[in-house]
Every structure is written in structure tokens, then in C-alpha cells.
Amino acid sequence: HKVINVALVGNPNCGKTSLFNFASGAHERVGNYSGVTVDAKEGHATFEGYEFNLVDLPGTYSLSAYSPEELYVRKQLVEKTPDVVVNVIDASNLERNLYLTTQLIDMHIRMVVALNMFDETEQRGDNINLDALSSLFGVPMQPTVFTTGRGVKELFHKVIEVYEATEGADAHFRHIHIKHGHEIEHGIAEIQDHLKKEHGLRERYSTRYLAIKLLENDKEVEQLVRTFPDADEILKHRDEAAKRVKEETKEDSETAIMDAKYGFIHGALAEAGYTTGNGKDTYQ
Ligand code: GDP
Ligand code: MG
Ligand code: K
């Protein structure tokens with residue numbers, strides 16, 4: 001048996017635990033409740049000759065450093081290095097849910113998106129070209145309904161394809177960069193150049209992810225970088241880049257990066273012809 005370590009990541013209430021229970025036969029509590037403890041449940045599943053170690057992570061809207069859930073999910077992704085992330089999203093609330101997706105893409109991890117609650121989007125009469133959306137994000141996407149198990153086999157099949165894919169050479173694994181606009185990208189590239197000098201770093205972190213986090217003034221990543229011998233140099237470049245971003249966008253770089261991500265999402269949804277039900281076009 002080949003073993004694939006899979007982490008379930010997504011906003012609260014999008015169906016992660018429902019998938020976890022359906023796939024692993026567990027009976028974890030689903031539904032609306034705020035957990036007191038921030039932890040991960042582990043379970044197992046087998047499919048097409050593969051064994052899956054599933055980790056059900058706490059719900060999070062973002063990968064910033066503002067809540068215990070966010071920090072916990074980040075730590076799990078970096079330290080446990082899952083082979084594939086299943087990013088579960090509530091397809092009836094696409095725009096907000098895709099924000100976390102853009103942050104996961106920054107981490108340069110192999111992932112598959114489960115467009116869950118697909119039944120609700122069908123009832124509402126939403127329309128979208130999923131092939132186009134999937135191609136714009138560089139991530140395979142699978143419509144699912146975890147309360148009935150619809151799409152779960154296809155989802156796991158996609159996980160296997162992404163796991164087995166060779167980087168660059170395979171359509172199932174095509175890392176894209178979410179483009180944040182000229183001055184932000186210029187800053188990211190410059191900070192990244194200085195991070196690359198750090199030996200051993202790249203095995204655990206994407207330098208692009210670290211550079212973006214530094215530009216967002218992320219305190220946890222800044223603490224990590226302060227342990228590097230050339231921390232002052234790196235942070236000096238960060239400060240200069242942040243200043244240029246502010247001059248260009250009139251916003252602090254954290255807000256500018258968030259706006260750029262939402263801009264990307266809007267553009268992608270428009271290009272994929274997204275309309276929501278009730279005859280109302282959300283994206284023109
Ligand atoms: P989590 O917070 O991401 O772990 O989400 P849960 O698995 O606890 O699910 C939240 C709620 O959504 C529960 O009431 C589930 O029964 C329900 N749910 C999960 N998946 C679906 C789905 O595909 N369609 C619908 N209509 N409800 C779902
Ligand atoms: Mg849950
Ligand atoms: K619901």
C-alpha cells in the first residue's frame with residue numbers, strides 16, 4: 001500500500017468533518033459549534049489501492065497569524081507536510097472561500113479543491129465553468145456533497161493524480177502564482193532572493209510564502225526570520241518593499257495583498273462565467 005497523508009483545510013462549516021466521517025467511517029460531531037480546543041482528528045481510508053491518513057484540521061478563513069486556529073493550521077501544514085491538501089470550500093459562498101485557497105497556493109503545496117455544498121448551488125441555479133476556474137487556479141476542483149457522499153470517489157481519485165503527478169510535466173499539478181500587481185510582486189521577488197540564501201529553509205517553506213508573509217508584517221514569520229544570521233538585511237528589504245507598495249497602492253502592504261487576492265478571485269470568477277441563481281449576475 002502506498003500511503004498518502006491528506007490534510008483537510010477550509011473555512012468553518014464547509015463540510016470538512018462530514019468528509020472526514022464519510023471517508024474514514026468516524027463519527028465526529030458535525031455542525032455549527034465553536035470548538036474550545038484547537039486540534040486535529042486523524043482517521044484512515046483506503047481507495048484504489050492507496051491508504052489515506054486523513055487529518056481534519058480546525059476551520060479557518062485565512063492563514064494569517066491572528067487566531068489560534070490560523071496558527072495551528074499553518075504549523076500543521078509546515079511541520080507535518082501533508083502530501084496533498086484537500087481544500088474544502090462552500091461552493092455556495094465561493095468568493096469568500098476562495099480567499100483561503102489563494103493563500104494555500106502561496107504555500108506551494110499539492111492540493112485539490114472540493115466544491116462542497118454543490119447541492120445548494122444547484123438548487124439556487126448557480127452557473128460556472130469549472131474547468132476554466134480550475135485551470136485559472138492551477139488546482140483540480142471536484143463538485144461534492146459530503147452529506148450524501150456524492151463526488152467523494154472522484155475527489156480521492158484526483159488526490160491520487162495530484163500525489164502521483166510529476167511537477168511541471170503534468171496537468172494535474174501545475175503551480176501557478178497568484179499575481180499581486182507590479183510593486184507587490186517586485187517586493188516579493190526581492191525578499192525571496194535574500195531568503196534563498198538560507199540553507200535548509202526551502203525544504204520546509206516556500207520562499208514565496210515566507211516573502212509574502214513578511215510583506216504582510218506577519219509577526220510569526222518575522223520571528224522565524226530573526227533567527228537567520230542576515231535577518232537585518234532581509235527585514236530592511238521588506239521595509240523598503242512595504243514602503244514602495246504603500247506609495248503605489250496608498251494602502252499598507254497587508255491590505256494591498258488582500259485586495260490583490262480578492263482582485264484575482266473576482267477576475268477568475270468573471271472569466272469562468274460565474275453567475276449565481278435568482279437571475280442575478282454577481283460578476284460582470
Ligand atoms: P466543518 O465545520 O467544515 O467540519 O463542517 P461540517 O462537516 O461540520 O458541516 C457543517 C454543516 O454542513 C453540517 O450541518 C453538515 O451536515 C452540512 N453539510 C456538509 N456537507 C454538506 C453538503 O455538501 N451539502 C449540504 N447541504 N450540507 C452539508
Ligand atoms: Mg469540523
Ligand atoms: K448549510
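The values are calculated or read from the model by the stated rules, or taken from the named source; none is laboratory data. If you're wondering where the values come from, they're calculated on a predicted model, not measured in any experiment. FYI the Cβ positions are ideal-geometry reconstructions off the backbone, even for glycines, and counts take in every protein chain you see. For accessibility, only protein heavy atoms count, side chains too; no ligands or nucleic acids. Shrake-Rupley method; radii C 1.70, N 1.55, O 1.52, S 1.80 Å.
Look at residue 153 and say whether it is modelled with pLDDT of 95 or more, open to solvent by 10 Å² or more (accessible area, probe 1.4 Å), within 23 Å of residue 85 (Cβ to Cβ) and of a type in the set (D, E, K, R).
Judged against the criteria, residue 153 is a match.
Being within 12 Å of ligand 1 (Cβ to nearest atom), farther than 23 Å from residue 141 by Cβ and either open to solvent by 10 Å² or more (accessible area, probe 1.4 Å) or in contact with a strand residue (DSSP E or B) (Cβ under 6 Å, 6 or more places away or on another chain) (or both), is that true of even one residue in segment 66-85?
yes
Condition test on residue 241, is it buried (at least 19 other Cβ atoms within 10 Å of the Cβ), within 26 Å of residue 137 (Cβ to Cβ) and not hydroxyl-bearing (Ser, Thr, Tyr)?
yes
If residue 147 satisfies every condition in (1) touching a Gly at 6+ places or on another chain (Cβ under 9 Å); (2) surrounded by 21 or more Cβ atoms within 10 Å (Cβ to Cβ) but one, which is the exception?
Single failed check for residue 147: (2).
Looking at residue 30 and the list (1) more than 16 Å from ligand 3 (Cβ to nearest atom); (2) touching a helix residue (DSSP H, G or I) at 6+ places or on another chain (Cβ under 9 Å); (3) of a type in the set (A, V, I, L, M, F, W, C), which single condition is not satisfied?
(1)
When you go through 178, 188 one by one, which is the residue that is surrounded by 14 or more Cβ atoms within 10 Å (Cβ to Cβ) and either at pLDDT below 95 or not in a helix (DSSP H, G or I) (or both)?
Result: 178 is the single residue among 178, 188 that is surrounded by 14 or more Cβ atoms within 10 Å (Cβ to Cβ) and either at pLDDT below 95 or not in a helix (DSSP H, G or I) (or both).
Could you tell me which of the residues 91, 45 is hydrophobic (A, V, I, L, M, F, W, C), within 23 Å of residue 162 (Cα to Cα), crowded, with 17+ Cβ neighbours inside 10 Å and over 15 Å from the mean Cα position of the chain (by Cα)?
When all the criteria are applied, what remains is 45.
Identify all residues within segment 1-25 that are of a type outside the set (A, V, I, L, M, F, W, C) and in contact (Cβ under 8 Å) with a residue 24 or more places away in the chain; write none if there are none.
Answer for segment 1-25, where residues must be of a type outside the set (A, V, I, L, M, F, W, C) and in contact (Cβ under 8 Å) with a residue 24 or more places away in the chain: 1, 2, 5, 10, 11, 12, 13, 15, 16, 17, 18, 24.
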